[in-house]
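First up is the structure itself, then whatever we jot down about it.
The values are calculated or read from the model by the stated rules, or taken from the named source; none is laboratory data. Quick caveat: nothing in here was measured; it's all calculated off a predicted structure. Using ideal geometry, Cβ is built from the backbone for each residue, glycine included, and neighbour counts are taken over all protein chains shown.
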């Protein structure tokens, strides 16, 4: 063996030793050597790599210190959406979940669940290709997250390369980045000593540490990670149960909660919840509940999803944390839709890891039911990130001379009459777009990324424009000139010119985006898309009666009423006309055909490999043509659409004689090139 070969072999041996010690420490919780020995091995590897820099590889344990600071985080599209979980806040709610699962599975016996603590941290997606970590992204809005790869590479519990060799060529794992209690205490001690900001709780510290533009700062923070699920997987069969898949991840070097258990039926779920709750304060990390998942992957697929949450999982939350404080005032806030909400101004109190000085009172029915008065001592509750609320009043501590809180007759912002319709709990300002509070929020919503997406038009700038009476409604935005904008605070000629360009670009939009941007009550993105597909044109939506609107999928009586009412208000129609006159337009078409009339009705497609655009967009286009997009290939599959590095799905398609399309063929198909029939 030559000297060069000996050095290479020693470097490789040190890396394997260090990786094995990391695995035993972070995954098995069974360290075999003291920290001093680990540090000695690490320093020895550093010295060798310093002397032979050509031997340094991206997945070496020494390469966790982070690279150069970033200008900004890039955006990552999650090919498999990162979903939220529904919450169960009581034993009854957990029992309802178990009942629904058994009913949907048509099962008389008890269901097996995988149970683990719900970590109070930040959701993360890790993407491994050929065993190496290539991308890490935050959850974001579930579809798009931030690329934090450089920062996550600095976290010691995240393997840069998977152990063994039997992992899938493409493996995306989902998990939670968190800060252990001991690390949080040490970090705050260092922050205090240096005169820097003190973090309120471990969750805030973890989120702030992960989203540093300088990875070196993240590297200095005591972050850790546990995996709890899978995203996109290709080229390798996974186990038939969630718990077995987590065992596979553990074997590949990925940390999984040591508290993960399989429980059978509701009684064992409750027992596990109670046990973790009793040990909560003694765990090494913060948790705020327990997650229960149906263990069988086949059962998960059968149960499916509703909205943005799976039907096969639920987060059973611990009882909220509560404290006593005093109501110093009750004020009324006006929201974007005109809702007038009573808010209690409290004597500041530390609860749930933060200092709370405001709490919602929801509506006047709640104020009267609880009989909240200024000067009252109250119990305030904060659960996780939920807005604090007043739970109840302690009347025995009420001072003399207090008066009941009354709903004001006029809006505290614009002076318009406040109306409270019969049967509704919420009171509303009648000022509409003329109320400054609503106007600000309406314009912010209109300009937001998922609405008209006007880049550079932030909340502070919108507030300036409205406070200085430069705009009164969204249509006025498109009349703004660069010289006027350049004179505003924090604006210059270049920023002003960029904003005018962004406004010009935003004039061309889509009907679903424009509908969503109008801020109609209860009309979110999905509902706006459904209405646009159903009617094809804005005027058709505006002219429709409530019963006609209800023929739209997922539009019920309440949404239909709000849409119908919105388009019957003259001031709303005036703003829409003004927007059209300002050049805002969108493509329109005929109403959507019946599903069975669509050109790809009844056909099933499967997508595989790296495609040139996000899979969810391709799925939307195929669905709009009547097709179904499945996750696996079978004899019932009509076509498999293949991108680069297509794996086992392509092999299976060939074996079954299923048709195969490349991206060009798919684009022709989506574009409507049906000459001679579907290819």
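Which residue out of 304, 375, 335 is more than 27 Å from the chain's Cα centre (by Cα) and surrounded by fewer than 16 Cβ atoms within 10 Å (Cβ to Cβ)?
Going through 304, 375, 335 in turn, just one is more than 27 Å from the chain's Cα centre (by Cα) and surrounded by fewer than 16 Cβ atoms within 10 Å (Cβ to Cβ): 375.
Say we look at the range 500-515 and pick out the residues that are over 12 Å from residue 538 (Cβ atoms) and crowded, with 21+ Cβ neighbours inside 10 Å; which of these is nearest to the chain's Cα centre (by Cα)?
Taking the candidates together, the pick is 506.
I'd like the full set of residues that are loosely packed, with under 12 Cβ neighbours inside 10 Å and in a helix (DSSP H, G or I), limited to the range 479-492.
Of everything in the range 479-492, just one residue is loosely packed, with under 12 Cβ neighbours inside 10 Å and in a helix (DSSP H, G or I), namely 483.
Tally the residues that are farther than 25 Å from residue 17 by Cβ and not in a strand (DSSP E or B), restricting the search to the range 253-268. Full working, then the answer.
Residues of the range 253-268 that are farther than 25 Å from residue 17 by Cβ, as a first pass: 257, 259-268.
So of that shortlist, the ones also not in a strand (DSSP E or B) come out as 257, 259-260, 265-268.
The total comes to 7.
Has the range 445-454 got any residue that is more than 36 Å from the chain's Cα centre (by Cα), part of a loop (DSSP other than H, G, I, E, B) and either at pLDDT 85 or above or surrounded by 13 or more Cβ atoms within 10 Å (Cβ to Cβ) (or both)? It would help to see each step written out before you state the result.
Taking the range 445-454 and keeping what is more than 36 Å from the chain's Cα centre (by Cα), we get none.
Checking the range 445-454: not a single residue is more than 36 Å from the chain's Cα centre (by Cα), part of a loop (DSSP other than H, G, I, E, B) and either at pLDDT 85 or above or surrounded by 13 or more Cβ atoms within 10 Å (Cβ to Cβ) (or both).
If you check 428, 397, which single one turns out to be surrounded by fewer than 18 Cβ atoms within 10 Å (Cβ to Cβ), modelled with pLDDT of 80 or more and touching a strand residue (DSSP E or B) at 6+ places or on another chain (Cβ under 9 Å)?
Going through 428, 397 in turn, just one is surrounded by fewer than 18 Cβ atoms within 10 Å (Cβ to Cβ), modelled with pLDDT of 80 or more and touching a strand residue (DSSP E or B) at 6+ places or on another chain (Cβ under 9 Å): 397.
Select from the range 157-207 the residues that are modelled with pLDDT of 85 or more, buried (at least 16 other Cβ atoms within 10 Å of the Cβ) and part of a loop (DSSP other than H, G, I, E, B) and list them in ascending order.
157, 158, 159, 160, 162, 163, 167, 168, 179, 180
Tell me which of these residue 271 doesn't satisfy, since it passes every other one: (1) closer than 20 Å to residue 136 by Cβ; (2) without any contact (Cβ under 8 Å) to a residue 60 or more places away in the chain; (3) assigned to a helix (DSSP H, G or I).
(1)
So, residue 147, is that one buried (at least 16 other Cβ atoms within 10 Å of the Cβ) and modelled with pLDDT of 90 or more or not?
So residue 147 fits the description; yes.
If you check every pair at least six apart or on different chains, which have Cβ atoms under 8 Å apart with a residue in the range 298-310 that is in a strand (DSSP E or B) first and a residue that is exposed (fewer than 13 other Cβ atoms within 10 Å of the Cβ) second?
Partner pairs satisfying both residue conditions: 310/304.
In the range 639-653, what residues are modelled with pLDDT of 90 or more and surrounded by fewer than 17 Cβ atoms within 10 Å (Cβ to Cβ)?
none
In the range 243-254, which residue that is in contact (Cβ under 8 Å) with a residue 24 or more places away in the chain and touching a strand residue (DSSP E or B) at 6+ places or on another chain (Cβ under 9 Å) is surrounded by the most Cβ atoms within 10 Å (Cβ to Cβ)?
This residue is 254.
Could you list all residues from the range 284-297 that are part of a strand (DSSP E or B) and more than 21 Å from residue 201 (Cβ to Cβ)?
Passing the criteria: 292, 293, 294, 296.
Taking the stated definitions as given, is residue 390 outside the structural domain of residue 270 (by TED's automatic domain parsing) and assigned to a strand (DSSP E or B)?
Spelling it out, residue 390 is indeed outside the structural domain of residue 270 (by TED's automatic domain parsing) and assigned to a strand (DSSP E or B).
Can you tell me which of 396, 463, 366 is in a helix (DSSP H, G or I), under 25 Å from residue 89 (Cα atoms) and either assigned by TED's automatic domain parsing to the domain that holds residue 336 or free of Cβ contacts under 8 Å to residues at least 60 places away in the same chain (or both)?
One residue alone meets the criteria, 366.
Being within 24 Å of residue 187 (Cβ to Cβ), part of a helix (DSSP H, G or I), in the same structural domain as residue 105 (by TED's automatic domain parsing) and in contact (Cβ under 8 Å) with a residue 24 or more places away in the chain is the requirement here; does residue 281 meet it?
Details: within 24 Å of residue 187 (Cβ to Cβ): yes; part of a helix (DSSP H, G or I): yes; in the same structural domain as residue 105 (by TED's automatic domain parsing): yes; in contact (Cβ under 8 Å) with a residue 24 or more places away in the chain: no.
Considered against the rule, which asks whether it is within 24 Å of residue 187 (Cβ to Cβ), part of a helix (DSSP H, G or I), in the same structural domain as residue 105 (by TED's automatic domain parsing) and in contact (Cβ under 8 Å) with a residue 24 or more places away in the chain, residue 281 comes out as no.
Could you tell me which residue of the range 516-526 is surrounded by the most Cβ atoms within 10 Å (Cβ to Cβ), considering only residues that are free of Cβ contacts under 8 Å to residues at least 60 places away in the same chain and touching a helix residue (DSSP H, G or I) at 6+ places or on another chain (Cβ under 6 Å)?
Of everything passing the filter in the range 516-526, 520 is surrounded by the most Cβ atoms within 10 Å (Cβ to Cβ).
From the list 513, 428, 449, 439, exactly one residue is out of contact with any helix residue (DSSP H, G or I) (no Cβ under 8 Å at 6 or more places or on another chain) and closer than 22 Å to residue 570 by Cα. Which is it? Explain how you work it out, then say what you get.
Working: 513 fails: out of contact with any helix residue (DSSP H, G or I) (no Cβ under 8 Å at 6 or more places or on another chain); 449 fails: closer than 22 Å to residue 570 by Cα; 439 fails: out of contact with any helix residue (DSSP H, G or I) (no Cβ under 8 Å at 6 or more places or on another chain).
Checking each option against the conditions leaves just 428.
So, residue 629, is that one at pLDDT 80 or above and either surrounded by fewer than 17 Cβ atoms within 10 Å (Cβ to Cβ) or under 20 Å from residue 78 (Cβ atoms) (or both) or not?
Details: at pLDDT 80 or above: yes; either surrounded by fewer than 17 Cβ atoms within 10 Å (Cβ to Cβ) or under 20 Å from residue 78 (Cβ atoms) (or both): yes.
So residue 629 passes the test.
Kindly evaluate residue 257 against the criterion of being free of Cβ contacts under 8 Å to residues at least 12 places away in the same chain and not assigned by TED's automatic domain parsing to the domain that holds residue 607.
Against the criterion (free of Cβ contacts under 8 Å to residues at least 12 places away in the same chain and not assigned by TED's automatic domain parsing to the domain that holds residue 607), residue 257 does not qualify.
Among the listed residues 108, 98, 120, identify the single one that is under 15 Å from residue 228 (Cα atoms) and in contact with a helix residue (DSSP H, G or I) (Cβ under 8 Å, 6 or more places away or on another chain).
120
Taking the range 461-477 as the search range and keeping residues that are over 31 Å from the mean Cα position of the chain (by Cα) and under 17 Å from residue 500 (Cα atoms), which one is surrounded by the fewest Cβ atoms within 10 Å (Cβ to Cβ)?
Ranking the qualifying residues of the range 461-477, first place goes to 470.
Looking only at the range 208-252, count how many residues are at pLDDT below 90 and assigned to a helix (DSSP H, G or I).
Counting residues in the range 208-252 that are at pLDDT below 90 and assigned to a helix (DSSP H, G or I) gives 8.
If you scan the range 311-327, which residues turn out to be outside any strand (DSSP E or B) and over 19 Å from residue 238 (Cβ atoms)?
The answer is 311, 318, 319, 320.
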